[in-house]
Amino acid sequence: MHEFSDSLAKSHTASDLPIWEEIYKKAFPSMLTMVDHRQDGEHQRAGIDRSVILENSKQILIDEKARFPSKNGFSYPDILLEHISNDQTNAPGWTCKPLRADYICYAITGLGQAYLLPVLQLQQAWKTNSAEWIKKYGSIPSINNGYKTWNTPLMPNVLFSEIGKCLRIQFTACNQTTNSGDKYECTVQNQDWLGDW
């Protein structure tokens, strides 16, 4: 059975990488400091590896994923979306389970490329598209000690296109009536001009 301490131990190696400070300084120009939550505590169990503190005292909670080159030294450019973290217990992966983190920072170390994935929109996109994505792109097992983790690979442009759709909301257009200044009526208008926005 998968133990939480096993995952925690594996994450410590990635947590020590110098890349995170560089990534966050570029992503959040007003960053004041960052705090490592590697210890086995409330933050770790809530899926929070690090918090970034901005100059205005705002705290941004981040779950970090470091993807290293394969055994043959190749760095894959896609993003592996973990949807089952333990196939023996059917525990959901980070694309499905409740997370307190604001972002998942997915860093492909060999390419020097990181992606900030907003958790709410990422999980909404997965919920909407998971059946199609698994059918189209497959599901890849990662073999661990006594269990497998299952991931679906997506190219960044495919994933971010769907995340973007979650941030753009269409609603029924409302127009003020001409005979009453305080009365409104909602009408469906032709929105074809929006195109594939």
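We did not get these values from a lab; they are worked out from the coordinates using the rules stated. The shown structure was predicted, so the numbers you read here are calculated from the model rather than taken from an experiment.
A few points about this structure:
- Principal semi-axes of the equivalent ellipsoid, √(5λ) from the alpha carbon gyration tensor of region 26-120, are 24, 19, 11 Å from largest down.
- When the Cα atoms of region 96-178 are aligned to their principal axes, the ranges along those axes come out at 69, 29, 25 Å in descending order.
- Of 71/148; 25/136; 65/127; 71/127; 97/135; 127/148, those spanning more than 26 Å from alpha-carbon to alpha-carbon: 25/136; 71/127
- Compactness of region 4-170 as Cα Rg over 2.2 N^0.38 Å, two decimals: 1.03
- Chain lengthening between residue 144 and residue 13 when straightened (0.36 nm per residue, less Cα-Cα): 45.5 nm
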